[in-house]
1. Give, as ranges by residue number, the residues of segment 105-137 whose backbone N falls under 15 Å from the point 7 Å along Cα→Cβ of residue 81.
2. May I ask you to derive the relative contact order of the chain, considering only C-alpha pairs under 8 Å and at least 6 residues apart, and to give it as an integer percent?
3. Given points 7 Å out from each Cα along the Cα-Cβ axis, report the residue 104 to residue 73 separation in nanometres with one decimal.
4. What's the extension gain from residue 130 to residue 20 if we count 0.36 nm per residue and subtract their Cα-Cα distance?
5. How many angstrom separate the Cα center of segment 69-119 from the Cα center of segment 1-68?
6. If I stretch the segment between residue 89 and residue 141 completely, what's the gain in nm (0.36 nm per residue apart, minus their alpha carbon distance), one decimal?
7. If I stretch the segment between residue 118 and residue 97 completely, what's the gain in nm (0.36 nm per residue apart, minus their alpha carbon distance), one decimal?
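Each reported figure results from applying straightforward, stated rules to the coordinates on display, with no laboratory input. Just so we're clear, the structure is a prediction, and the values are computed from it rather than from any experiment. Counting neighbours? That spans all protein chains shown, and the Cβs are built from the backbone with ideal geometry, glycine included.
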């Protein structure tokens, strides 16, 4: 059996991600621990999942995802005004601060403070990386398929 990455395969990998201007936005190398995911299970953005398919143990690959393959385009309508009273008094709210919120289904997401007013906070509900091209460098460390019964 080959150890190619396929949908449903569990993969351990290291990665780093940069924006078009070279700014790094994430890196498993910096955290010191590789990431283990099941390809195609919704744990990764779609373009990242697709780029992993066909890779093999030890392979390194660099690829760029356009917004529609990553966090989508920025939606200028995805702005909301929240009452200041819903936030703890000791929470420092400043433009650019990220806020952990929950949607109506209880799913967590991140909003970014766009403006702070006396009685309210204007929150941008777009993902912070929406509208960005993302370039990833990925190194596959292990590929564990269905034929491997060890965990």
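1. 114-124
2. 35
3. For the pair residue 104/residue 73, the computed spacing is 2.4 nm.
4. 38.3 nm
5. One Cα centre to the other: 28 Å.
6. Full extension from residue 89 to residue 141 adds 14.2 nm.
7. Length difference between fully extended and current span is 5.9 nm.
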